[in-house]
Amino acid sequence: MDTRPLSGPDCRVISIGALSAHPLWNERAPVRTGHATTVLVRTTAVDDPRRTVNLLVDPGLPEPALVARLHERSGLEPGDITHVFLTSFHPETRRAITAFPDAAWLISPREREAAGVPLAQSLARLAESRQSAKDTGEPLDEDQETMIEVLQRDVAILQKCEAAPDTIAQGVDLFPLPGVSAGCTGLLLEGRETTLICGDAVATIDHLEQGKVLPNCDDREAAKESFEEAVEIADVLVCGRDNLVVNRTKKIF
């Protein structure tokens, strides 16, 4: 593990993500397993520049694959990760989050609230339906039981996710990008150039080049505004389902 002092945030792609169906490739149904781009940000703590922060963003691969990729790309083990940040609460951003039980799990306050309300409502409806079946002696629906288990796991993950502060670490600030989801939030990294980890607000390089947002947005107009703001402010963009890319509209070197 590299213990040299850091002069600013260091951003490294651990795993390049993919859309399950890429709308700009005329894919209308899933043809692959979707997963978010996972990024490692190494910097220092705001209150103590001697303390290294290893921040993992959107651990979207299955746990064994993500842990292996993390070591391949950085030499780090799960116990070395100090923080995990989710740009949204979409399942494809967090498959491997439980591999980092000792890290602080963070998500934007708005996304935490937006995800929590429908989760709680869905779980309450299913629990009520299950209780009704028990009261009448009807057999329990296996699909409902599976869904309850899934929702309970999601609730447990969300409960452990803390509301992220505006500044997570030295040179790492929240950058709200609402639209794709209500509280989608990227991370702005200040260094020699400004790097923006976009989440699904800028999904792929194709979306960036064509000026498009994903079709299944919570709020399409807000998503377009967030997209435009990301392109305006960042020298380097880390796409939510693709590699990092230099913003061609800005001269950074």
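Against the condition in contact with an Asp or Glu (Cβ under 8 Å, 6 or more places away or on another chain), surrounded by fewer than 21 Cβ atoms within 10 Å (Cβ to Cβ) and in the same structural domain as Pro30 (by TED's automatic domain parsing), how does Glu229 come out, does it pass?
No; evaluated as a whole, the condition is false for this residue.
Within the stretch 83-104, does at least one residue satisfy the condition of being assigned to a helix (DSSP H, G or I), in contact with a His (Cβ under 6 Å, 6 or more places away or on another chain) and closer than 23 Å to His35 by Cα?
Going through the stretch 83-104, the residues assigned to a helix (DSSP H, G or I) turn out to be 91-93, 97-99.
With the extra rule that they be in contact with a His (Cβ under 6 Å, 6 or more places away or on another chain), the set shrinks to 92.
Then keep just the ones that are closer than 23 Å to His35 by Cα; that gives 92.
For the stretch 83-104, residues assigned to a helix (DSSP H, G or I), in contact with a His (Cβ under 6 Å, 6 or more places away or on another chain) and closer than 23 Å to His35 by Cα: present.
For Leu56, state whether it is surrounded by 18 or more Cβ atoms within 10 Å (Cβ to Cβ) and assigned to a loop (DSSP other than H, G, I, E, B).
no
Across the stretch 13-52, what is the total count of residues that are touching a Lys or Arg at 6+ places or on another chain (Cβ under 7 Å) and over 20 Å from Leu208 (Cα atoms)?
5
Does any residue of the stretch 199-210 turn out to be part of a loop (DSSP other than H, G, I, E, B), hydrophobic (A, V, I, L, M, F, W, C) and modelled with pLDDT of 95 or more?
Of the stretch 199-210, the ones part of a loop (DSSP other than H, G, I, E, B) are 203-204.
When the remaining residues are screened for being hydrophobic (A, V, I, L, M, F, W, C), the result is 203.
Now drop any that are not modelled with pLDDT of 95 or more, which leaves 203.
Yes, because at least one residue in the stretch 199-210 is part of a loop (DSSP other than H, G, I, E, B), hydrophobic (A, V, I, L, M, F, W, C) and modelled with pLDDT of 95 or more.
Cys239 passes all but one of (1) at pLDDT below 95; (2) in contact with a helix residue (DSSP H, G or I) (Cβ under 9 Å, 6 or more places away or on another chain); (3) closer than 23 Å to Phe85 by Cβ; which number fails?
(1)
When the residues of the stretch 88-137 are filtered to those that are within 15 Å of Ile148 (Cα to Cα), of a type in the set (Ser, Thr, Tyr) and in contact (Cβ under 8 Å) with a residue 12 or more places away in the chain, which remaining residue is surrounded by the fewest Cβ atoms within 10 Å (Cβ to Cβ)?
Among residues in the stretch 88-137 that are within 15 Å of Ile148 (Cα to Cα), of a type in the set (Ser, Thr, Tyr) and in contact (Cβ under 8 Å) with a residue 12 or more places away in the chain, the one surrounded by the fewest Cβ atoms within 10 Å (Cβ to Cβ) is Ser129.
Quick one: count up the residues across the stretch 39-64 that are at negative phi, within 19 Å of the chain's Cα centre (by Cα) and touching a residue at least 12 places away in the same chain (Cβ under 8 Å). Give the derivation first.
If we filter the stretch 39-64 for residues that are at negative phi, which is where we start, we get 39-57, 59-64.
Now narrow it down to the ones that are within 19 Å of the chain's Cα centre (by Cα): 39-43, 53-57, 59-64.
Cutting the leftovers down to touching a residue at least 12 places away in the same chain (Cβ under 8 Å) gives us 39-43, 53-57, 59-63.
So the count comes out to 15.
The values are calculated or read from the model by the stated rules, or taken from the named source; none is laboratory data. Note that the structure is a prediction, hence the values are computed from the model and not measured. Glycine gets a Cβ as well: all are built from the backbone with ideal geometry, and neighbour counts include every protein chain shown.
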